[in-house]
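These notes are about the structure you will find just below.
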Amino acid sequence: MTYMQKFSAILRGLITLIIAAVMLIVGSDSYVFVLLFLTLSLSISGLKTLIYYFTMAKYMVGGRLVLYKGVILVDFAFLTFSFADIPKVYILIYLALVHAFQGLVEILRAKEAHLYGAKSWWKNLAHGLVSIALAVCCIIFVRNQSTAVIIYSLGLMYTAITYIAAGFKKTTLVYIQ
């Protein structure tokens, strides 16, 4: 990582940590804020992926998968934005499904990294297990209405800590002889 990328990762982690702390302090009144933050993050990620597709990935092998990923992320952003008027139980179920899917993908990535002999496969495994634990908490505490805010805030705090840790991680240099 360059110094600018490290600074960006640390700044993103600090902003995410502040947002998560504000959501925890406000409590169950920040339901709309959770939906808005999730919508913004999904739409920005989807739009970045679509811009990447139209500028570079269109000409690459497997570039169409990048297009599909961008369209799906933008579609999930629109779906999340439409949840403002439905009961909070459905939002908890949606959060549980998102965390479970994210955890499953991270565990599969960890398994693949372990097969290739990567040293940091355990980080993906830990991230996947934390995401699945958050999904299980969503399902267990589905009746408590403030649970979605707490679980989403804890997930944001975990993500912020990983961003900050990645920003402080020492970059390895590869010398080609």
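The values are calculated or read from the model by the stated rules, or taken from the named source; none is laboratory data. Predicted, not measured: the structure shown is a model, and the values here were computed from it. Cβ sites come from the backbone with ideal geometry, for glycine too, and all protein chains shown count toward neighbours.
Can you find even one residue in the range 49-57 that is at pLDDT below 90, in a helix (DSSP H, G or I) and more than 22 Å from Ile15 (Cα to Cα)?
yes
Any residue in the range 15-24 that is buried (at least 16 other Cβ atoms within 10 Å of the Cβ) and without any contact (Cβ under 8 Å) to a residue 40 or more places away in the chain?
no
Suppose the filter is closer than 24 Å to Pro87 by Cβ and either in a helix (DSSP H, G or I) or touching a strand residue (DSSP E or B) at 6+ places or on another chain (Cβ under 9 Å) (or both); does Leu35 pass it? First the steps, then the outcome.
Details: closer than 24 Å to Pro87 by Cβ: yes; either in a helix (DSSP H, G or I) or touching a strand residue (DSSP E or B) at 6+ places or on another chain (Cβ under 9 Å) (or both): yes.
The answer is yes for Leu35.
Looking at the range 75-92, is at least one residue small (Gly, Ala, Ser) and either part of a loop (DSSP other than H, G, I, E, B) or closer than 26 Å to Gln5 by Cβ (or both)? If you could, list the steps in order and put the result at the bottom.
Step one: filter the range 75-92 for residues small (Gly, Ala, Ser), giving 77, 82, 84.
Checking the rest, the ones that are also either part of a loop (DSSP other than H, G, I, E, B) or closer than 26 Å to Gln5 by Cβ (or both) come to 77.
Yes, that holds for at least one residue.
Do the conditions hold for His99, that is, is it more than 18 Å from Ser30 (Cα to Cα) and in contact (Cβ under 8 Å) with a residue 40 or more places away in the chain? Steps first, please.
Values: more than 18 Å from Ser30 (Cα to Cα): yes; in contact (Cβ under 8 Å) with a residue 40 or more places away in the chain: yes.
The answer is yes for His99.
Might you check whether a residue that is surrounded by 15 or more Cβ atoms within 10 Å (Cβ to Cβ), of a type in the set (A, V, I, L, M, F, W, C) and either under 12 Å from the mean Cα position of the chain (by Cα) or in a loop (DSSP other than H, G, I, E, B) (or both) occurs anywhere in the range 158-175? Before the answer, list the steps.
Restricting attention to the range 158-175, the residues satisfying the condition of being surrounded by 15 or more Cβ atoms within 10 Å (Cβ to Cβ) are 158-160, 162-164, 166-167.
Add one more test, that the residue is of a type in the set (A, V, I, L, M, F, W, C), and what stays is 160, 164, 166.
Restricting the remaining residues to those that are either under 12 Å from the mean Cα position of the chain (by Cα) or in a loop (DSSP other than H, G, I, E, B) (or both) gives 160.
Looking through the range 158-175, at least one residue is surrounded by 15 or more Cβ atoms within 10 Å (Cβ to Cβ), of a type in the set (A, V, I, L, M, F, W, C) and either under 12 Å from the mean Cα position of the chain (by Cα) or in a loop (DSSP other than H, G, I, E, B) (or both).
Just name the residue that is surrounded by the most Cβ atoms within 10 Å (Cβ to Cβ) out of those in the range 47-82 that are closer than 30 Å to Ile93 by Cα and of a type outside the set (A, V, I, L, M, F, W, C). Step through it out loud before you land on a result.
From the range 47-82, those closer than 30 Å to Ile93 by Cα are 47-50, 65-82; that's our starting set.
Next cut, of a type outside the set (A, V, I, L, M, F, W, C) only: 48-49, 68-70, 75, 80, 82.
Values: Lys48: 12, Thr49: 20, Tyr68: 11, Lys69: 17, Gly70: 21, Asp75: 13, Thr80: 23, Ser82: 11.
Restricting to residues being closer than 30 Å to Ile93 by Cα and of a type outside the set (A, V, I, L, M, F, W, C), the top hit is Thr80.
For the range 118-150, give me each residue that is in a helix (DSSP H, G or I) and either closer than 21 Å to Leu14 by Cβ or in contact (Cβ under 8 Å) with a residue 60 or more places away in the chain (or both).
Step one: list which residues in the range 118-150 are in a helix (DSSP H, G or I), which gives 121-140, 147-150.
Listed by number, the residues that qualify are Lys123, His127, Val130, Ala148, Val149, Ile150.
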